[in-house]
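Notes follow the structure.
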Amino acid sequence: MFYALLALLATKQLGTSRHSGAISLFDREFVKAGIFPADLSKALHLAFDRRQIHDYGEMTEVGANTSDEAIVDATKFVDTIRQYLTDQGML
């Protein structure tokens with residue numbers, strides 16, 4: 001999701017080295033502008049939060065439902081960004 005997001009931000013000559021900065025730019029430039037729906041932002045925020053917990057928090061088991069949901073959300077996010085870039089003639 002992060003690299004798809006970076007590709008999207010590059011279309012507006014925007015960039016950041018931090019995940020949180022990229023998410024903020026996505027929300028400001030694409031969600032609030034009405035280009036993408038809020039559910040993509042929600043999925044992105046959730047993925048980031050989960051990554052923070054599991055990369056830096058206590059080691060816990062991830063349930064099948066959680067992992068399945070994450071895969072569905074990530075696939076939808078990347079596919080939506082890809083379609084947008086294609087429609088814009090950038091892919």
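Annotations for the structure displayed:
- Considering segment 77-91, and only residues there that are over 18 Å from the mean Cα position of the chain (by Cα) and in contact (Cβ under 8 Å) with a residue 40 or more places away in the chain, the residue that is nearest to Leu6 (Cα to Cα) turns out to be Met90.
- Pairs are defined by a Cβ separation below 9 Å, a sequence spacing of at least 6 or placement on different chains, a first member in segment 31-46 that is more than 15 Å from Ala4 (Cβ to Cβ), and a second member that is open to solvent by 60 Å² or more (accessible area, probe 1.4 Å) and at pLDDT below 95; the pairs so defined are Leu46/Glu69.
- Residue identified as closer than 18 Å to Thr86 by Cβ and either modelled with pLDDT of 95 or more or of a type in the set (Val, Ile, Thr) (or both) among Ile23, Ile53, Ile35: Ile35
- Phe36 closer than 20 Å to Asp79 by Cβ and within 9 Å of the chain's Cα centre (by Cα): no
The values are calculated or read from the model by the stated rules, or taken from the named source; none is laboratory data. Just so it is clear, the structure is predicted and the values come from calculations on it, not from any experiment. Backbone-built Cβ (ideal geometry, glycine too); neighbour counts: all protein chains shown. Side chains are part of the model used for accessible areas, which takes the heavy atoms of the whole protein and leaves out ligands, DNA and RNA. Shrake-Rupley method; radii C 1.70, N 1.55, O 1.52, S 1.80 Å.
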